[in-house]
């Protein structure tokens, strides 16, 4: 006999675990954080007004993970990116087409893992979890425009990381 | 608009997140600009690369049970309830009356919404319940020749069960559901590490043919050529679910008919 909480929130377990994995980058920490998130969600469930349960739960998962990250001091979330100040100065303006490359999965995994956490999380939430921009904005707590710019930068960096030194071998 | 202005919008265009006006502007620019078109192609290839890879991590198989055990041991076992008991009796009566009224209105609204949208609440509830209990399949098979005949004698209609494995939507199995008094067939398809439930029933009402978001899930309906009613439910986003419907029905609804 499953409780209303379990019925509403357990279907999102994979989404919760996936986000925790990509934020914390190891299985045990992800497990611990997801468990803690579910416990917090359970205690806060009376405040859940219905609607998007997944976004509500993922917000809690994210908060637990960031608390963990700060505590472990492995990697602090990057400073807020000021578009006006930093713009696109250091990054190439264009993506190069990947289609002639065979990208192996391990390399892709590593490239995604190596992204700064603020870029990695929006990419994971969008490309892997399929959240809409509005939902990502709610979970991460940033404006819609920032979702767009972080996704853009994440894609640029990932593309560059995947092409890497091999880029010079490919003559367009 | 210049390439400089268009380029930041290309990602949002690919993600189908731009409003109609901006999207039209991007499309018009792409028609005459090979540079930006190439850029969009690069973004599209990156997306395909990401989707082809097993990047999504599923929760370890024992984690759900572990969480349930932990919750069961929690002292605040009634924290899940919405109702709080007030101290004064007059408040209690007022509360009871307003709950009853809200319940009656809610029931009416729920019924109206359900019939207008067509099983949205039932479909989402079935989807959620199957995953919460782990009972997705009564017949687990990737062969349409096993799943389709399984429904004979269990529902009084024959749902379409296409083989979409080559299109990236493998059949996983099926089960029977009940929407109120109506029996419905549930087909389960996979997509990367996600799943899609397709509910099939007879005698209407129809589900919305435009994508609907309900509690974090996407629903997409259609009426089959066989006269049966279909709705696909998943945690996938609308564009992918629409691709699923295109493949399932063999009809591209985005093209002029």
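The values are calculated or read from the model by the stated rules, or taken from the named source; none is laboratory data. Values in this document were obtained by computation on a predicted structure and should not be read as measured data. All Cβ positions, even for glycine, are placed from backbone atoms using ideal geometry, and neighbour counts span all protein chains on display.
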Note to self: Tell me whether the stretch A:42-57 contains one or more residues that are more than 8 Å from every other protein chain (Cβ to nearest Cβ), outside any helix (DSSP H, G or I) and farther than 21 Å from residue B:131 by Cα.
What the structure shows: yes
Next item on the list: Please tell me if residue A:135 is closer than 20 Å to residue B:58 by Cα and within 13 Å of the chain's Cα centre (by Cα).
Entry: no
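Within the stretch A:4-22, identify whether any single residue is more than 8 Å from every other protein chain (Cβ to nearest Cβ), under 14 Å from the mean Cα position of the chain (by Cα) and modelled with pLDDT of 95 or more, and answer yes or no.
Looking through the stretch A:4-22, at least one residue is more than 8 Å from every other protein chain (Cβ to nearest Cβ), under 14 Å from the mean Cα position of the chain (by Cα) and modelled with pLDDT of 95 or more.
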Notebook entry, point to check: Among the residues of the stretch B:233-243, is there at least one that is within 17 Å of the chain's Cα centre (by Cα), more than 14 Å from chain A (Cβ to nearest Cβ) and either buried (at least 23 other Cβ atoms within 10 Å of the Cβ) or over 26 Å from residue B:57 (Cα atoms) (or both)?
Noted result: no
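Within the stretch A:124-150, which residues are on the phi > 0 side of the Ramachandran plot and either at the interface with another protein chain (Cβ under 9 Å from one of its Cβ atoms) or in contact with a strand residue (DSSP E or B) (Cβ under 7 Å, 6 or more places away or on another chain) (or both)?
A:130
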Next item on the list: Identify the residue in the stretch B:215-229 that is in contact with a helix residue (DSSP H, G or I) (Cβ under 9 Å, 6 or more places away or on another chain) and without any contact (Cβ under 8 Å) to a residue 40 or more places away in the chain and, among all such residues, is surrounded by the fewest Cβ atoms within 10 Å (Cβ to Cβ).
Entry: B:225
Note to self: Looking at the stretch B:104-119, can you tell me whether even one residue there is under 25 Å from residue A:54 (Cα atoms), modelled with pLDDT of 85 or more and surrounded by 14 or more Cβ atoms within 10 Å (Cβ to Cβ)?
What the structure shows: no
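Yes/no matrix, rows are residues, columns are (1) surrounded by 16 or more Cβ atoms within 10 Å (Cβ to Cβ); (2) touching a strand residue (DSSP E or B) at 6+ places or on another chain (Cβ under 7 Å); (3) on the phi < 0 side of the Ramachandran plot:
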{"position": "A:2", "(1), (2), (3)": "no, no, yes"}
{"position": "A:40", "(1), (2), (3)": "no, no, yes"}
{"position": "A:53", "(1), (2), (3)": "yes, no, yes"}
{"position": "A:61", "(1), (2), (3)": "yes, no, yes"}
{"position": "A:73", "(1), (2), (3)": "no, no, no"}
Next item on the list: Note down all Cβ pairs under 9 Å where the first residue falls in the stretch B:48-76 and is more than 7 Å from chain A (Cβ to nearest Cβ), the second is modelled with pLDDT under 90 and not in a loop (DSSP other than H, G, I, E, B), and they're at least six residues apart or on different chains.
Entry: B:52/A:105
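Would you check if residue B:195 is at pLDDT below 80 and in contact with a strand residue (DSSP E or B) (Cβ under 7 Å, 6 or more places away or on another chain)?
Numbers: at pLDDT below 80: no; in contact with a strand residue (DSSP E or B) (Cβ under 7 Å, 6 or more places away or on another chain): yes.
For residue B:195, the condition - at pLDDT below 80 and in contact with a strand residue (DSSP E or B) (Cβ under 7 Å, 6 or more places away or on another chain) - is not met.
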